[in-house]
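First comes the structure, then the notes that go with it.
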Amino acid sequence: MATTTPRMKITYATLSADNEELQSAFDAAVERARGELGKAYPMIIGDEERHRDETFEDRSPIDRDIVVSRFPVGTRQDVRDAVAAAREAFPSWRDLGWRRRIELMRRAADLISERQFDHAAQMSFEVGKNRLEALGDVEETADLLRYYSDEMERNEGFSRPMGSLSPTEKTRSVLKPHGVWAVISPFNFPMALAGGPAAGAMIAGNTVVLKPSSDAPLMAYRFGEALRDAGVPAGVFNLVTGPGETVGAELQENPGIDGMVFTGSYEVGMKLYTGFTRDYPRPIITEMGGKNPAIVTANADLDEAAEGVMRSAFGFDGQKCSANSRVYVERGVAHEFVDRLVERARSISVGDPTRRDSWMGPVINEGALRKFTDAVDEARRDGGAIEAGGEVLRDDDTGRGYFPTPTVVTGLPLEHRLFRDELFVPFLVVGEVDSLDEALRHANATPYGLTAGIFSRDQSEVQRFLDTIQAGVVYVNRRAGATTGAWPGIQSFGGWKGSGSSGKSGLGPYYVQQFMREQSQTVIGDETGSDGE
């Protein structure tokens, strides 16, 4: 259902939305979402909406008694059928031409934006995002479709004339789609990280089989619904729900898959990366998280630093691959910085994210909550000081959900595991250093290299950071988020080292090309080479 509320563009850099009309529109969308709770949805395979007797329940992390939706437990045969449907649809989708493809994608983007409030309210129930985060996720999805379409248009379908060795010879370089791409998406950006990669592949002329996280299948379904309503032909987009052991494994092993996009943990991503290629190389794009550092020097604006760190560490409960999970602060300002950070952390309102006053909601499931409590216990055991948080809320409103408190820890050795391992929970470690160089050395001493930030008013320190830090996305003095908040066409988003495999980032100008392969066309006489149309 589309909202008639005048649109206010919500991004991850939006600090607040003190707009009564917007808040009332979200309240109304929450009530509509309540009326949809517990519904059963199908998989999308070709032109079929496929149900199965065996289903799984998509339960809300806000309250485990709330069933958000029910989806089929997909099988290997469902994946095979989806791949077959995608292969059948591929030639006509490829031959439709890039101009018509982006016309359909832009239409789908407009539908997603029109439905922003309803999708965002359902997202709040499904994964526990607060209002701004959920609205931002939906709008990012729409903007990804628009931006990738713009890039295709700006590059004229990635077909360009080349040089020639004789007057009768004409040569072009043409990028062409591979065929069928698998997309395996995570829970934490349930629409943007399903829709963005799928759109990149489809705009390039490929067809797609999407497997969403079983913690967030509804948002993937809503994305597919927008494509269908926009007129994208059957078989171009296919959705198969179910466990990684069957659905994910079949996508990895099926020879009808020509390429894959995976967003998730380092461990799973590396298994896919090393196991996906068999008879010949197949492209795989992996984004595998981070252990993202912020550096606070003695020359920082400490209020700005505390605000930026707080927003990046505890936004969506630290469940962003870009979340700020460790801080290195110069010793002379460490005490003052920690005081300001702790004050902000303690002021965070934790609760049901569908309500106006809740800034931080639940973590996604019981396993994530256990990871949080284990980290708190480990920090205490090893001599760390819990400066803020360290507790799980268990009152009448939160007792049936998974609600940790925003946690700040000091006093651990800089070599400790909690400075090294990704946790994906609202748990931040702060360590003291004697210099910027020491901070940079520790910041770079992990397998990850996704995002990083610095707070300093000294331009030489900033330049030293920019020249030295090993990360794909970096921010300087960013109050809206020390290490988080990328947006399509503004900040390209991708990791170095163990955080990413392709060296080309999502949200940026080189993303769509990764779904294509180059063909050099040399024609003697009249030019008849393909331009992708």
remark   = Listed by range, strands (runs of 3 or more DSSP E) wholly within the range 133-206 having at least 1 residues that are touching a residue at least 40 places away in the same chain (Cβ under 8 Å) and touching a helix residue (DSSP H, G or I) at 6+ places or on another chain (Cβ under 6 Å) are 169-177, 180-184
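Among the residues in the range 463-478, are any assigned to a loop (DSSP other than H, G, I, E, B) and among the hydroxyl-bearing types (Ser, Thr, Tyr)? Give the steps one after another, and end with the answer.
Just the residues of the range 463-478 that are assigned to a loop (DSSP other than H, G, I, E, B), to begin with: 469-472, 477-478.
Next, only the ones that are among the hydroxyl-bearing types (Ser, Thr, Tyr) stay: none.
The answer is no; no qualifying residue exists.
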inquiry  = Name the residue that is surrounded by the fewest Cβ atoms within 10 Å (Cβ to Cβ), counting only residues in the range 415-462 that are in a loop (DSSP other than H, G, I, E, B) and free of Cβ contacts under 8 Å to residues at least 40 places away in the same chain.
reply    = Glu415
request  = State whether one or more residues within the range 305-325 are farther than 26 Å from Leu450 by Cβ and either free of Cβ contacts under 8 Å to residues at least 60 places away in the same chain or not assigned by TED's automatic domain parsing to the domain that holds Thr468 (or both).
outcome  = no
message = Please pick out the residue among Glu48, Glu103, Glu88, Glu36 that is touching a residue at least 40 places away in the same chain (Cβ under 8 Å), under 25 Å from Val236 (Cα atoms) and of a type outside the set (Val, Ile, Thr).
response = Glu88
note = All-but-one check, Asp78 against (1) out of contact with any helix residue (DSSP H, G or I) (no Cβ under 6 Å at 6 or more places or on another chain); (2) not assigned by TED's automatic domain parsing to the domain that holds Gly128, failing number (2)
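Can we say Tyr280 is of a type in the set (Ser, Thr, Tyr) and without any contact (Cβ under 8 Å) to a residue 12 or more places away in the chain?
Working: of a type in the set (Ser, Thr, Tyr): yes; without any contact (Cβ under 8 Å) to a residue 12 or more places away in the chain: yes.
Judged against the criteria, Tyr280 is a match.
Output yes when any residue across the range 57-76 is out of contact with any Leu (no Cβ under 7 Å at 6 or more places or on another chain), in a helix (DSSP H, G or I), over 21 Å from Pro190 (Cα atoms) and modelled with pLDDT of 95 or more, and no when none is. Before the answer, list the steps.
Pass one, the range 57-76, residues out of contact with any Leu (no Cβ under 7 Å at 6 or more places or on another chain): 57, 59-65, 70-76.
In the following step, the residues that additionally are in a helix (DSSP H, G or I) were identified as 76.
Checking which are over 21 Å from Pro190 (Cα atoms) leaves us with 76.
This time we only want the ones that are modelled with pLDDT of 95 or more, so: 76.
Looking for residues that are out of contact with any Leu (no Cβ under 7 Å at 6 or more places or on another chain), in a helix (DSSP H, G or I), over 21 Å from Pro190 (Cα atoms) and modelled with pLDDT of 95 or more, one finds at least one in the range 57-76, hence yes.
Kindly evaluate Ala194 against the criterion of being surrounded by 24 or more Cβ atoms within 10 Å (Cβ to Cβ), aliphatic (A, V, I, L, M), in contact with a Pro (Cβ under 9 Å, 6 or more places away or on another chain) and at negative phi. Give the steps one after another, and end with the answer.
Values: surrounded by 24 or more Cβ atoms within 10 Å (Cβ to Cβ): yes; aliphatic (A, V, I, L, M): yes; in contact with a Pro (Cβ under 9 Å, 6 or more places away or on another chain): yes; at negative phi: yes.
Yes, satisfied.
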request  = For the range 464-514, name all the residues that are of a type in the set (D, E, K, R) and surrounded by fewer than 21 Cβ atoms within 10 Å (Cβ to Cβ).
outcome  = Arg464, Asp467, Arg479, Lys497, Lys504
Test for Ser325: is it touching a helix residue (DSSP H, G or I) at 6+ places or on another chain (Cβ under 9 Å) and buried (at least 24 other Cβ atoms within 10 Å of the Cβ) = yes
key: Yes/no for Gly200 being surrounded by 24 or more Cβ atoms within 10 Å (Cβ to Cβ), small (Gly, Ala, Ser) and in the same structural domain as Ile102 (by TED's automatic domain parsing)   = yes
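Among the residues of the range 205-223, how many are of a type in the set (S, T, N, Q) and under 16 Å from the mean Cα position of the chain (by Cα)? Walk me through how you get there before you give the answer.
Step one: list which residues in the range 205-223 are of a type in the set (S, T, N, Q), which gives 206-207, 213-214.
Then drop every residue that is not under 16 Å from the mean Cα position of the chain (by Cα), which leaves 213-214.
Summing the residues that are of a type in the set (S, T, N, Q) and under 16 Å from the mean Cα position of the chain (by Cα) in the range 205-223 gives 2.
Can you name every residue in the range 343-399 that is of a type outside the set (Lys, Arg), part of a helix (DSSP H, G or I) and farther than 24 Å from Gln122 by Cα?
Passing the criteria: Glu343, Ala345, Phe372, Thr373, Asp374, Ala375, Val376, Asp377, Glu378, Ala379.
The values are calculated or read from the model by the stated rules, or taken from the named source; none is laboratory data. The model shown is predicted, which means the values in this text are computed figures rather than measured ones. Because the Cβ atoms are built from the backbone with ideal geometry, glycine has one as well, and the counts that use them run over all protein chains shown.
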